[in-house]
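Input: a single structure, listed below in structure tokens.
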Amino acid sequence: MSAPAIERSTTTTLTPARDGRLVAYTVVTFGVLAAALLMGEAALVPLAIPFALALALGLRRTAPVEVTARVTLFADQVLEGDEVEGLLEMSWSGDFDAHAVIHRLRGITIGARTDFDERVDAIERLEVPFRITAAQWGRHSLGEIWLRLTLPFGLVSWTGRLMVGPSLRVLPGAERLNRLLSPDRSRTAWGVHGSTRLGDGHDFAELRPYVPGDRVRDLNWAATGRHRRPIVNRHHPEVSGDVVIALDARDDGSELARRILTRTARTAWALATMHMRANDRVGLVGLGRSTRWLPPAGGRLAKYMLMETLLGIGGEAADGVTTSRRQVDVPAGALIIGLTPLHDDDTLLTLLRWRARGRSLAVIVIDPDDATAPAATPSERLAARLWGLELDARIAALRRRGVAVVRAPVDGSMGPVISGLRRARQRSGRRVG
Amino acid sequence: MTLRHALAAASVSALAGAVLIALAAGTSPHRVWLGISGLLGVALTFPSLVTDPRDLLPALVFCVPPVIALAGDPGTTWLIGPLAVLLLVGAELGAASWEAEGKRASRGAGVQRTRRIGQLAALSLVGAVAVTFAARLVWLESTVAVVVAAGALAGLAGVTFTPAKR
């Protein structure tokens with residue numbers, strides 16, 4: 001997946017900063033020369049000569065340096081794991097030794113690294129092609145681009161941040177799903193969920209005697225034969241509803257957390273796409289360091305907004321950004337689908353709060369049990385067992401309140417998980433389509 | 001041993017060598033105090049190699065007195081110039097070790113830096129020796145001779161190291 005190139009350019013003036021030798025050489029040079037003059041001892045002067053020379057060479061240029069920098073990424077939107085080529089160009093006036101660094105990369109790696117370090121000698125222009133890998137979904141900045149210029153024998157250096165690189169949209173690869181979860185309360189728009197009301201649709205609702213105006217194709221011939229009078233089928237109309245996907249985006253920086261987050265994002269996007277295709281209105285809540293809330297909406301613009309919000313959640317998770325956390329009031333009648341590893345108490349409390357307010361809730365617990373390394377020591381085994389008990393207790397707390405809960409592995413197909421969730425919703429007394 | 005460690009060890013060795021030679025060659029009655037000063041100077045080199053912000057001033061200030069003391073004996077004044085160059089080389093190697101810090105410090109950059117230090121040392125040695133002999137010229141007042149020599153040397157250095165215009 002690719003998109004047109006994006007670039008960002010800037011012009012920055014770097015001011016000189018002194019090296020750790022400058023003051024020492026100055027003090028020795030002038031101190032020794034002063035001592036030679038005061039003592040009338042010319043033999044001392046050769047002691048000052050090497051340091052005076054170093055000063056003369058080191059301070060031959062001290063004016064600020066204007067640097068023009070441009071970063072180009074030859075795609076602005078990729079899938080997780082894709083590679084993107086880029087070009088870093090910098091130019092200035094004069095021959096300097098240059099040391100360029102890109103750091104604070106989040107969700108992106110350059111080769112196998114998470115930063116970039118390039119040193120070259122005595123040039124006026126630096127062009128460095130690079131290749132980055134989109135390691136984690138979300139909207140990620142290329143990082144901060146820093147430059148340090150020095151002169152050969154120089155005692156000052158010019159260092160500064162030139163810019164923050166352009167942003168790259170990294171889309172999560174979608175899970176393949178073929179089942180939908182039915183919203184709690186249908187809206188009047190046509191969709192593919194069954195309704196409690198009667199009307200045109202595919203799902204059978206009841207039989208009733210024929211009345212003038214009924215369609216002939218609705219006649220139930222078997223029932224007509226048994227009752228010896230015309231009997232017709234009634235159907236549920238197919239309508240759409242509101243679905244809110246609650247995404248637990250807490251990331252502790254570990255590889256496992258990243259995998260869980262990737263799984264939740266892929267599943268969220270797949271669910272959102274499926275429900276939107278069914279004319280449902282889909283909303284998104286990001287439950288992470290910050291709360292992101294996109295109210296349910298339908299249509300192409302809503303799908304675009306959903307993707308932007310999802311990428312924003314991923315970017316914040318990767319960057320460790322904390323903005324604001326707040327309670328979200330999900331509309332009544334919307335089905336909330338929670339995607340969470342249930343690692344955090346706050347997530348559990350939020351889900352229980354929604355349930356207490358009468359919201360219909362289904363939760364997919366991303367369980368990393370299979371993905372974690374087996375416990376090697378008794379203390380690790382004990383810790384794993386304790387965590388297993390704690391997770392069971394959290395799931396039981398949700399189930400006691402009528403919440404449909406299923407566990408999903410970190411890897412593998414989500415289709416069976418969605419089927420399991422539908423069955424769990426049926427068991428918990430919720431209506432399914 | 002990493003490049004940084006090698007450069008830092010060379011820096012300490014150069015400064016310690018200059019102090020030891022000065023103490024061995026000198027005839028000052030205050031050699032004990034000069035020795036203490038030199039020892040302190042060498043000891044202060046270590047923090048300058050590891051602490052931030054980098055500062056070579058304390059190390060150099062305490063390493064210089066044993067070399068200054070050589071001026072008291074006409075038979076050893078010729079050593080002042082070469083020992084000053086050794087002090088400069090020690091300081092430059094210390095600064096080079098700062099640059100070599102970090103996992104991706106390039107060995108090529110370290111070699112390049114060492115070569116430049118060699119160039120600077122050679123030029124400084126020529127200058128110091130030239131000033132030493134200029135100060136001994138009988139047809140000029142010694143201070144005037146030093147100023148003339150220093151000016152000529154600065155001019156020479158400027159011509160040598162100014163980058164060519166493109």
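Things to note:
- Taking strands (runs of 3 or more DSSP E) as the structural unit, those lying wholly within the stretch A:1-92 and holding at least 2 residues that are over 28 Å from the mean Cα position of the chain (by Cα) and more than 9 Å from chain B (Cβ to nearest Cβ) correspond to A:6-14, A:16-18, A:65-73.
- B:Asp73 vs. criteria out of contact with any strand residue (DSSP E or B) (no Cβ under 8 Å at 6 or more places or on another chain), surrounded by fewer than 16 Cβ atoms within 10 Å (Cβ to Cβ) and within 13 Å of chain A (Cβ to nearest Cβ): yes
- Subset of the stretch A:140-170 that is in a loop (DSSP other than H, G, I, E, B) and over 32 Å from the mean Cα position of the chain (by Cα) - its residue that is surrounded by the fewest Cβ atoms within 10 Å (Cβ to Cβ): A:Pro152
- Some residue of the stretch A:339-346 being modelled with pLDDT of 85 or more, touching a helix residue (DSSP H, G or I) at 6+ places or on another chain (Cβ under 8 Å) and of a type in the set (S, T, N, Q): yes
- Counted residues, the stretch A:34-61 - those being surrounded by 15 or more Cβ atoms within 10 Å (Cβ to Cβ) and either in contact with a Gly (Cβ under 6 Å, 6 or more places away or on another chain) or under 26 Å from A:Arg18 (Cα atoms) (or both): 18
- Unique match (being more than 14 Å from chain B (Cβ to nearest Cβ) and at pLDDT below 75) among A:Gly143, A:Gly111, A:Gly107: A:Gly107
- Qualifying residue in the stretch A:378-389 (condition: in contact (Cβ under 8 Å) with a residue 12 or more places away in the chain, surrounded by 16 or more Cβ atoms within 10 Å (Cβ to Cβ) and of a type outside the set (Ser, Thr, Tyr)): no
- Per the listing A:Gly286, A:Gly314, the residue uniquely farther than 21 Å from A:Arg400 by Cβ, in contact with an Asp or Glu (Cβ under 8 Å, 6 or more places away or on another chain) and buried (at least 17 other Cβ atoms within 10 Å of the Cβ) is A:Gly286.
- Close pairs from the stretch A:214-236: first under 14 Å from A:Phe204 (Cα atoms), partner surrounded by 10 or more Cβ atoms within 10 Å (Cβ to Cβ) and of a type in the set (Asp, Glu), Cβ under 7 Å, at least 6 apart: A:Val232/A:Asp214; A:Val232/A:Asp218; A:Asn233/A:Asp218; A:Arg234/A:Glu206; A:His235/A:Asp200; A:His235/A:Asp203; A:His236/A:Asp203
- Odd one out for B:Glu92, checked against (1) surrounded by fewer than 17 Cβ atoms within 10 Å (Cβ to Cβ); (2) charged (D, E, K, R); (3) closer than 21 Å to B:Arg4 by Cβ: (1)
- Checking each residue in the stretch A:324-361 for being small (Gly, Ala, Ser) and free of Cβ contacts under 8 Å to residues at least 60 places away in the same chain picks out A:Ser324, A:Ala356, A:Gly358.
- Residue within the stretch A:355-370 that is in contact with a Leu (Cβ under 6 Å, 6 or more places away or on another chain) and at pLDDT below 80 present: yes
- B:Lys103 meets all of the listed conditions (1) modelled with pLDDT under 70; (2) not in a loop (DSSP other than H, G, I, E, B) but one, namely (2).
- Note on the stretch B:1-25: residues that are over 15 Å from B:Thr76 (Cβ atoms), in a helix (DSSP H, G or I) and among the aliphatic types (A, V, I, L, M) amount to 10.
- Meets criteria (crowded, with 17+ Cβ neighbours inside 10 Å, in a loop (DSSP other than H, G, I, E, B), touching a helix residue (DSSP H, G or I) at 6+ places or on another chain (Cβ under 6 Å) and more than 9 Å from chain A (Cβ to nearest Cβ)) for B:Ser28: yes
- Among the residues listed as A:Arg125, A:Arg148, the single one being at pLDDT 85 or above and farther than 27 Å from A:Glu316 by Cβ: A:Arg148
- Candidates B:Thr77, B:Thr51, B:Thr2: the one that is polar (S, T, N, Q) and closer than 24 Å to A:Leu33 by Cβ is B:Thr77.
- Only listed residue being more than 7 Å from chain A (Cβ to nearest Cβ), modelled with pLDDT of 85 or more and assigned to a helix (DSSP H, G or I), chosen from B:Gly90, B:Gly81, B:Gly108: B:Gly90
- In the set (1) at pLDDT below 85; (2) of a type in the set (A, V, I, L, M); (3) farther than 30 Å from A:Asp344 by Cβ; (4) buried (at least 17 other Cβ atoms within 10 Å of the Cβ), the condition left unmet by A:Ile231 is number (1).
- Condition met for B:Leu60 (within 9 Å of chain A (Cβ to nearest Cβ) and part of a helix (DSSP H, G or I)): yes
- Output for the stretch B:41-54, where each listed residue is assigned to a helix (DSSP H, G or I), surrounded by fewer than 24 Cβ atoms within 10 Å (Cβ to Cβ) and either at the interface with chain A (Cβ under 8 Å from one of its Cβ atoms) or free of Cβ contacts under 8 Å to residues at least 12 places away in the same chain (or both): B:Ala43, B:Pro47, B:Val50
- Residue check, B:Leu57 over 30 Å from A:Ser157 (Cα atoms), surrounded by fewer than 24 Cβ atoms within 10 Å (Cβ to Cβ) and free of Cβ contacts under 8 Å to residues at least 24 places away in the same chain: no
- Of all residues in the stretch A:255-283, those that are farther than 25 Å from A:Asp344 by Cα and surrounded by fewer than 17 Cβ atoms within 10 Å (Cβ to Cβ) total 1.
The values are calculated or read from the model by the stated rules, or taken from the named source; none is laboratory data. Computed from a predicted model, the values in this text were never measured in an experiment. FYI the Cβ positions are ideal-geometry reconstructions off the backbone, even for glycines, and counts take in every protein chain you see.
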